[in-house]
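For reference, the structure discussed in these notes is given below.
The values are calculated or read from the model by the stated rules, or taken from the named source; none is laboratory data. Just so it is clear, the structure is predicted and the values come from calculations on it, not from any experiment. Don't worry about glycine lacking a Cβ; one is built from the backbone with ideal geometry, like all the others, and counts go over all protein chains shown. Protein only, heavy atoms only, side chains kept; ligands, DNA and RNA dropped before computing areas. Shrake-Rupley method; radii C 1.70, N 1.55, O 1.52, S 1.80 Å.
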Amino acid sequence: MAAKILDGKKLSAEIREELKGRIARLKERGIVPGLAGILVGDDPGSVSYVGLKEKASEELGITSHMLRLPRDIKEGDLLKEIQRLNRDERIHGIFVQLPLPRHLDESKVLSAILPEKDVDGFHPVNVGKAWLGQEAFLPATPIGIWEILVRYGYGNLRNKEVVIVNVDNLVGKPLASILAQQKIGANVTLCHPTTPHLPSYTRRADVVVVSVNKPKFLTADMVKEGVIGIDFGSNWIDDPTSKTGKRTVGDIDFETVKEKAEAITPVPGGLGPMTVTMLLANTVTAAERQARIT
Amino acid sequence: MPAEIIDGRKIAEQIRGELKERVEKLKARGVTPKLVAILVGEDPASISYIRGIAKSCEATGILTETVRLAENVSQQELEAKITQLNRDPTCHGIILQLPLPKHLDTLRAESTISPDKDVDGTNPINMGKLLLGEDTFYPSTPYGVQELLVRSGHSPDGKHVVICGRSNIVGKPLMGMLVQKRKGANATVTVCHTGTRDLAAVTRQADILVAAMGKAKAITADMVKEGAIVIDVGVNQIEDPQNPGKFKLVGDVDFEAVKEKAKAITPVPGGTGPVTSAMLVANTVKAAERLSRL
């Protein structure tokens, strides 16, 4: 039996509708959620991603304040901009588009954001609080994964085996922050893409999450029957049948794994559409917390 | 063949030997590291733990002081004391002995400790840095586990580490430390808990098994793979079968049975305990070095 397709596009639209309601309630109290983004330089990928965030904010009624700063900006000047945004009461959420040019100290820059406005959840205080199981902002990808699981009815992970192939600060570690908490009760394994005998881990998984950016990395022989497959890979591969000669695929060998899985996220249309939405959700939450409505 | 017994006392001695040289250098510059422990109430286990730490400090040539506060101390008084120590230039490390009486907010108190003096790494900002792989203070128990492994020649590099118990002081920080992409870490890590259904199926996967559940003899021989390295963080008081009416300390591992199967094992007492207090001293020395550089 073919797997249920976990439709991130549809879920994302659903969540945005809910956000509109929360934004309307904020507006009744005279609060318009504001999201500030900082883009340093003109990396085309970052430019287009910031543009997406800007457009999506405005569509929902979140005011966006995007700062586009020159590539050679001095660290001190960038930090001053962040402090200005920290103080600005119209702004409830701040993100810095990564990666930053090399001369800037990423950890110093991210730590300058006020934790209450750190809607990307990269400030060490938020990372630490989340890990300790306290209220904190978490990055968009792991909360997007969690929302998909919960909204498709797979949120009860007690005694389930969750295997995450990624140990990065953006995906693996913060996802473990959600799923390894006592209240969830899952057994969580963090694997490196280079973990020896990786299939012996992934085959035990009830839920497998992959983010390694290698097409067809996770094949059908590496999963058990009935697995839930979550794919955060994005690979641009040759496809002679497509108009551009290229197409995007994930890290899971979708065609074969979907025959074995209970449910699976497609690429594109799985986690991708969820990430911007979760950033907006964090921004609305930040505005509510700052206005003390929770 | 019975397992190699990993001698925590010997390793702690070795660590203190190395620390003494660093302490001498600090003293030559007029700085004597000092660790201050805050103890609220009269819990006998806490008093004995602090006594152990004090001994370890003295053996390394650093100063130690215990601030004793009454059981009914207010949150405000506790925080005022912490703030005073934060400002005291002769104090380099602060630990707050847990558990606190129920009327006190542990998290708020821990967050009050200056991150620069937080030698048990409990302030969320230090926990966040740990997870992010930045320079920080590792909580002493998981830090001790890592040192025990590395110094006994059983580095977790490339190994599967299964941690039973996901407390904020042991299991979670240990997972965060061991998944980092660096020497002495680089492990594939699973966290599970006493409530895990078929815990044995999970623990039998482990190359390195860390027991931190706080339950005597929770890890039995059938739960351990032949040739595994077993680290016992548990400290449980049980009635001594040889001396009715008397108590003795045991770990979470059924030592006698498991040692016949494991390749190496830590005893209780004399395993992780002594190394934990050595690591607390190590963190205090590091704090003094950092603070005196300023």
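Numerical summary
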| read-out | value |
| --- | --- |
| Enumeration of residues in the range A:31-61 that are of a type in the set (Val, Ile, Thr) and closer than 23 Å to A:THR285 by Cβ | A:ILE31, A:VAL32, A:ILE38, A:VAL50 |
| Test: A:SER12 is crowded, with 17+ Cβ neighbours inside 10 Å, closer than 30 Å to A:THR256 by Cβ and touching a helix residue (DSSP H, G or I) at 6+ places or on another chain (Cβ under 7 Å) | yes |
| Lone unmet requirement of (1) assigned to a loop (DSSP other than H, G, I, E, B); (2) within 17 Å of the chain's Cα centre (by Cα); (3) in contact (Cβ under 8 Å) with a residue 40 or more places away in the chain for A:GLU259 | (2) |
| Filter result (open to solvent by less than 20 Å² (accessible area, probe 1.4 Å) and within 10 Å of chain B (Cβ to nearest Cβ)) within the range A:137-163 | A:VAL162, A:VAL163 |
| Number of the condition not met by A:VAL47 [criteria: (1) under 27 Å from A:LYS20 (Cα atoms); (2) surrounded by 21 or more Cβ atoms within 10 Å (Cβ to Cβ)] | (2) |
| In the range A:204-219, residue farthest from the other protein chains (Cβ to nearest Cβ) [restricted to those that are open to solvent by 10 Å² or more (accessible area, probe 1.4 Å) and either over 29 Å from A:ASP238 (Cα atoms) or free of Cβ contacts under 8 Å to residues at least 12 places away in the same chain (or both)] | A:ASP206 |
| Meets criteria (within 9 Å of another protein chain (Cβ to nearest Cβ), farther than 13 Å from B:VAL210 by Cα and β-branched (Val, Ile, Thr)) for B:ILE125 | yes |
| Residues being closer than 30 Å to B:GLY227 by Cβ, open to solvent by less than 10 Å² (accessible area, probe 1.4 Å) and part of a loop (DSSP other than H, G, I, E, B) - total across the range B:123-149 | 1 |
| Selection from the range B:104-122 of residues that are surrounded by fewer than 24 Cβ atoms within 10 Å (Cβ to Cβ), of a type in the set (Val, Ile, Thr) and away from chain A (no Cβ under 11 Å) | B:THR112 |
| Filter pass, B:LEU291 being assigned to a helix (DSSP H, G or I) and not charged (D, E, K, R) | yes |
| Candidate set from the range B:176-201 (those that are crowded, with 23+ Cβ neighbours inside 10 Å and within 7 Å of chain A (Cβ to nearest Cβ)); member that is nearest to B:PHE137 (Cα to Cα) | B:GLY176 |
